[in-house]
Amino acid sequence: MQTEQQITSNAMAGFWRRLGAFFLDGVVLGAVGWAAGLVLADQFVQLGLWGRLLGFCVAWPYFGLLNSSLSGGQTLGKRALGIKVVSQQGGFLSVQQALVRFLPLGAAWFLNGAPWSEAVLLSFWSYVLSVAVFGVGLSVAYLFVFNRATRQSLHDLMVGSLVVRAVGSQEESVKAQPTWPVHLAVCGVLMVGSAILPYFGQRAAGNATFSPLLSIYKAVNATSWVSHAQVNQGQSFIVTADKGKVSSTYLSIVAYTKDADINSTTRAGQLAKLALSADPAARQLDTIQVVLVYGYDIGIAASWQSRNQSHTPAEWLAQ
């Protein structure tokens, strides 16, 4: 039968040790993902957006089971750095508690950067995603850095857990102390701010300035061999000895392909011409850059190959 141990203030795991343990756990999971990618790369590519769900399904039991009583509250990273997860009374978390504990961190980690479709980004779900990624993610990071009394972050507060040194002196008992209200207020602001962020993004998408980019985005993403794409327009500057500061306007299309044919000039030209057709004003730009990318991202590991092709609008049209 498990007995509870006394938690002491000088037994709390420090910032760098916890961060280091998380980094090591990321390396372990990354090695698993890399090894799987050696034999399943094509299958991972076909998963597209769902590849991150696969990574989550690997990371969730890893952290959930090892941070629980089954492994003495220690993942491989925590074991290497001599720290462990315990309850506020000193006992270990149950498997259910440890699985719930990972959810806020896991949601922000695996939802962030996923290739969401335009339909999702312009719908109600964009608000849910924004809260999960930015509200929860920033709150986890904020509490982890600034809640120095116990170093409890959002996922710790959810289940009443603490991360302590696995060995060490225990001189001063620590009772579960409430989180400073200012910290909770900051987290509230982050949550509210993230909840309204998509509103401004959706309004910007309908703005005359961004409407042409949205048209190009739709045209490129409708291409049969494109899994998903990113489009942006901007201005770059270089400094030359004879002309001084010189500006250059550009349109960048990054298209993730469904197959490995990324060296095709025909495909790159097709996307450039689609962009010029969707937005005739793009003919006035100095450069149109098309980057064809093939690979996968499963959250715990990623592998990409790319080919960059840049020409003036006139050169693209002449192909």
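The values are calculated or read from the model by the stated rules, or taken from the named source; none is laboratory data. Just so it is clear, the model here is predicted, and its values are computed rather than measured. Note that we place each Cβ from the backbone using ideal geometry, even for glycine, and neighbour counts take in every protein chain shown.
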Filtered residues of segment 78-103 (kept if at pLDDT 95 or above and hydroxyl-bearing (Ser, Thr, Tyr)): Ser94
Lys218 vs. criteria surrounded by fewer than 18 Cβ atoms within 10 Å (Cβ to Cβ), within 22 Å of the chain's Cα centre (by Cα) and under 20 Å from Ser117 (Cβ atoms): no
Qualifying residues in segment 288-309 (those that are farther than 30 Å from Leu105 by Cα and either hydrophobic (A, V, I, L, M, F, W, C) or at pLDDT below 95 (or both)) - the one surrounded by the fewest Cβ atoms within 10 Å (Cβ to Cβ): Val291
Unmet criterion (only one of (1) in contact with a strand residue (DSSP E or B) (Cβ under 7 Å, 6 or more places away or on another chain); (2) surrounded by fewer than 20 Cβ atoms within 10 Å (Cβ to Cβ); (3) more than 20 Å from Ser161 (Cα to Cα)) for Phe44: (2)
Tabulated pairs, segment 183-196, first of a type outside the set (A, V, I, L, M), second outside any helix (DSSP H, G or I) and surrounded by 15 or more Cβ atoms within 10 Å (Cβ to Cβ), C-beta under 7 angstrom, 6+ apart or interchain: His183/Asn147
For Leu29: the one exception among (1) surrounded by fewer than 20 Cβ atoms within 10 Å (Cβ to Cβ); (2) in a helix (DSSP H, G or I); (3) not β-branched (Val, Ile, Thr): (1)
Residues of segment 55-94 that turn out to be more than 25 Å from the chain's Cα centre (by Cα), in a helix (DSSP H, G or I) and either surrounded by fewer than 16 Cβ atoms within 10 Å (Cβ to Cβ) or not assigned by TED's automatic domain parsing to the domain that holds Gln152 (or both), as a count: 2
Residue within segment 96-118 that is hydrophobic (A, V, I, L, M, F, W, C) and more than 29 Å from Trp34 (Cβ to Cβ) present: no
